[in-house]
Amino acid sequence: MHNQQCNIKGVACGIFKREIEELIRCGKLSLSCEFIDSMLHMMPALLEDNLEKNINESSSDQFVLVFGDCQPRMFEMDAKPNICRVVGMNCCEIILGKKRYHELRSQGAFFLLPEWTERWTEVFQKYLGFNEETAKIFMGEMHTKLLYLDTGVAPIPSDALQAVAEFCGLPAEIITVDLDHLLKATLDSVNRIK
């Protein structure tokens, strides 16, 4: 188990909840972590409020933020002396690493992580406001395929994946990814804040 100071706390997007819990369970990561609902990504002001509530600046605690560039003031938060955010512009880059993320993105992939795939109707219909027709138009102009990132922490939600593929009018592919990039990004931030 990695040696980490007990006053370093993690605050992470809920999209990483099962993955981070798995790293902790396996003894690869020793960090108490609070998780914020990933749907707040769709409401940056509420995400900022929730982050602020989870970070008590008056204490001696230090915080590692496991988030991408998910709200406008993320860089300001990261600049505080007791906070260090993982490197990565979004959750998919944090999971895949920069090089692989950009390779797959250049192929027109729209990424789906386990948590958002299970909540796809909430994402596409409630927050993005798509119906089947508008989803097919928008997604077809921007992407060539859906790419499910199987992190190995949950069974592949085949029915949900098929449903979102039909809704968006795009083929769905599955790739297996390990948690090495997420672990490295988190540990690098822990080490930078010490």
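Going by amide H atoms built from the backbone, whose H comes under 5 Å of the H on GLY68, apart from near neighbours?
Residues meeting the amide H criterion: CYS91.
Can you give the extra length, in nm with one decimal, that the chain gains between GLN162 and GLU118 once fully stretched, where that is 0.36 nm per residue apart less the Cα-Cα distance?
14.7 nm
Compute the orientation-averaged projected area for segment 75-142 from the convex hull of its Cα atoms and round it to one decimal in nm².
Orientation-averaged projected area of the Cα hull: 6.2 nm².
Could you list the square roots of 5 times each eigenvalue of the Cα gyration tensor of the chain, that is, the equivalent ellipsoid semi-axes, sorted largest first and rounded to whole Å? Could you put the intermediate results ahead of the total?
On the way: eigenvalues 184, 68, 40 Å².
The three semi-axes for the chain are 30, 18, 14 Å.
Specify the angular offset, from 0 to 90 degrees and rounded to the nearest 10, of the alpha carbon long axis of helix 158-168 from the longest principal axis of the alpha carbons in the chain.
Taking the Cα atoms of the chain, the angle to 158-168 is about 60 degrees.
Quick check on my link table: of LYS98/LYS184; LYS98/LYS145; LYS28/LYS53; LYS28/LYS145; LYS99/LYS145; LYS53/LYS184, which ones sit more than 22 Å apart, alpha carbon to alpha carbon?
LYS28/LYS53; LYS28/LYS145; LYS53/LYS184
Dipole magnitude of segment 103-194 about its Cα centre, charges +1 at Lys/Arg Cβ and -1 at Asp/Glu Cβ only, in debye to the nearest 20? Please report the intermediate quantities before stating the final value.
Working: 8 positive and 14 negative charges, 83 e Å.
Magnitude of the dipole: close to 400 debye.
Quick one: with all protein chains in place, what share of the accessible area of the chain is carbon or sulfur, to the nearest percent (1.4 Å probe)?
52 percent
Can you compute the label reach from GLU132? Point 7 Å from Cα along the Cβ direction, backbone N cut-off under 15 Å, restricted to segment 148-183.
Output list for this probe position: 162-170.
I'd like the FRET efficiency for ASP61 and ASP180, computed as 1/(1 + (r/R0)^6) with the beta carbon distance as r and R0 of 22 Å, rounded to 0.05. Intermediate results must be reported in sequence, preceding the final value.
On the way: r = 27 Å, r/R0 = 1.23.
That pair, ASP61 with ASP180, gives E of 0.20.
Rounding to the nearest 20 debye, state how big the charge dipole of the chain is about its Cα centre with +1 on each Lys and Arg Cβ and -1 on each Asp and Glu Cβ.
600 debye
Find the accessible area per residue for segment 1-146; the probe is 1.4 Å, ligands and nucleic acids are left out, and the unit is Å².
On a per-residue basis, 50 Å².
The values are calculated or read from the model by the stated rules, or taken from the named source; none is laboratory data. Here the structure is a predicted model, which is why all the values come from computation and not from measurement. Reconstructed Cβ throughout: ideal geometry from the backbone, glycine too, with neighbour counts over all protein chains shown. SASA here: full protein model, heavy atoms, side chains in, ligands and nucleic acids out. Shrake-Rupley method; radii C 1.70, N 1.55, O 1.52, S 1.80 Å.
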